[in-house]
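The values are calculated or read from the model by the stated rules, or taken from the named source; none is laboratory data. These figures come from a predicted structure and were not determined experimentally. Every residue, glycine as well, gets a Cβ built from its backbone with ideal geometry; the counts of neighbours run over all protein chains shown.
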Amino acid sequence: MSKHQRVTITSKEYTETQLNLAKGEELCLLLLGLCELEDWKWVQNIYLKYIYDDDHWVATAAITGLGHLARISGQLDKKTVVQSLTALIEIKPALEGKVRNTISDIEMFL
């Protein structure tokens with residue numbers, strides 16, 4: 001993912017189908033585009049699912065998406081998200097820097 005690409009998200013139904021089909025870079029781009037949907041709770045739950053993905057880059061995209069969601073929508077279940085991200089550090093210590101940056105973003109925007 002060396003150059004910026006924009007993914008247009010048209011609906012939750014379409015997105016759910018695409019999430020089930022996409023892999024790798026395509027999935028990362030799809031995840032990063034989710035924060036523009038109005039249903040922030042649905043988006044948050046998708047991100048919380050994918051932070052545990054085995055693909056490092058997919059998990060990173062989901063973590064980043066949580067920070068974007070806080071910034072763009074100004075809404076997030078802060079307690080649940082921060083607890084999940086903090087617990088993720090124990091499971092995936094390689095993501096600690098990204099997790100800490102995202103928690104910082106959440107603290108700033110909420």
| note | Selection over segment 1-20 where residues are of a type outside the set (D, E, K, R), modelled with pLDDT of 85 or more and touching a helix residue (DSSP H, G or I) at 6+ places or on another chain (Cβ under 9 Å) yields a count of 3
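Listed here are the residues, each with its yes/no results for (1) modelled with pLDDT under 95; (2) surrounded by fewer than 15 Cβ atoms within 10 Å (Cβ to Cβ); (3) hydrophobic (A, V, I, L, M, F, W, C).
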{"site": "LEU34", "(1), (2), (3)": "yes, no, yes"}
{"site": "ASP53", "(1), (2), (3)": "no, no, no"}
{"site": "TRP57", "(1), (2), (3)": "no, yes, yes"}
{"site": "LEU66", "(1), (2), (3)": "no, no, yes"}
{"site": "ALA87", "(1), (2), (3)": "no, yes, yes"}
{"site": "GLU96", "(1), (2), (3)": "no, yes, no"}
{"site": "ASN101", "(1), (2), (3)": "no, yes, no"}
{"site": "GLU107", "(1), (2), (3)": "no, yes, no"}
| Of all the helices (runs of 4 or more DSSP H) wholly in segment 10-100, which have at least 1 residues that are touching a residue at least 24 places away in the same chain (Cβ under 8 Å) and within 15 Å of LEU110 (Cα to Cα)? | 40-50, 56-73, 78-91
| task | Answer yes or no as to whether GLY74 is touching a helix residue (DSSP H, G or I) at 6+ places or on another chain (Cβ under 8 Å) and not aromatic (Phe, Trp, Tyr). | result | yes
